[in-house]
Amino acid sequence: MALPTAHAVDAAKATELAKAKACMSCHAVDRKLVGPAYKDVAEKYKADKEAPAKLAQKILKGGSGVWGPVPMPATAGLAENDALLLAQWVLAGAPSK
């Protein structure tokens, strides 16, 4: 399974979902905020074929220790397919269009 490209991801839907679920409060596309920049996440996992599923689970359940001491909280009320969309979007470089 190849990682998605910017064209394979519904960027508009993912961007709105990231804003609605407050992902953008802690993450930015190109710079570290509380959490890592999306571009850094995409770079770290670019060769990992399991990355979309792994990241979707981290989005759903939260996680800690990979990017430093600050834990990422679970995303309440997020459907699994939306978590996968967000993961694919991040791995595609979080395109805006």
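The values are calculated or read from the model by the stated rules, or taken from the named source; none is laboratory data. Everything numeric in this text was worked out from a predicted model, so none of it was measured. We place every Cβ from the backbone using ideal geometry, glycine too, and count neighbours over all the protein chains shown. Remember, those area values only see protein heavy atoms, side chains included, never the ligands or the DNA or RNA. Shrake-Rupley method; radii C 1.70, N 1.55, O 1.52, S 1.80 Å.
Brief remarks follow.
- Residue ID - farthest from Asp48 (Cα to Cα), chosen from residues in segment 1-17 that are modelled with pLDDT under 90 and surrounded by fewer than 19 Cβ atoms within 10 Å (Cβ to Cβ): His7
- Looking only at segment 34-53, residues that are free of Cβ contacts under 8 Å to residues at least 12 places away in the same chain and either within 14 Å of Gln88 (Cβ to Cβ) or not in a helix (DSSP H, G or I) (or both) come to 4 in all.
- Top-ranked residue of segment 33-53 - restricted to ones that are exposed (fewer than 14 other Cβ atoms within 10 Å of the Cβ) and basic (Lys, Arg), ranked as nearest to Glu80 (Cα to Cα): Lys49
- Scope segment 67-97; condition open to solvent by less than 60 Å² (accessible area, probe 1.4 Å) and under 19 Å from Arg31 (Cα atoms); matching residues: Gly68, Leu86, Ala87, Gln88, Trp89, Val90, Leu91, Ala92, Gly93, Ala94, Pro95
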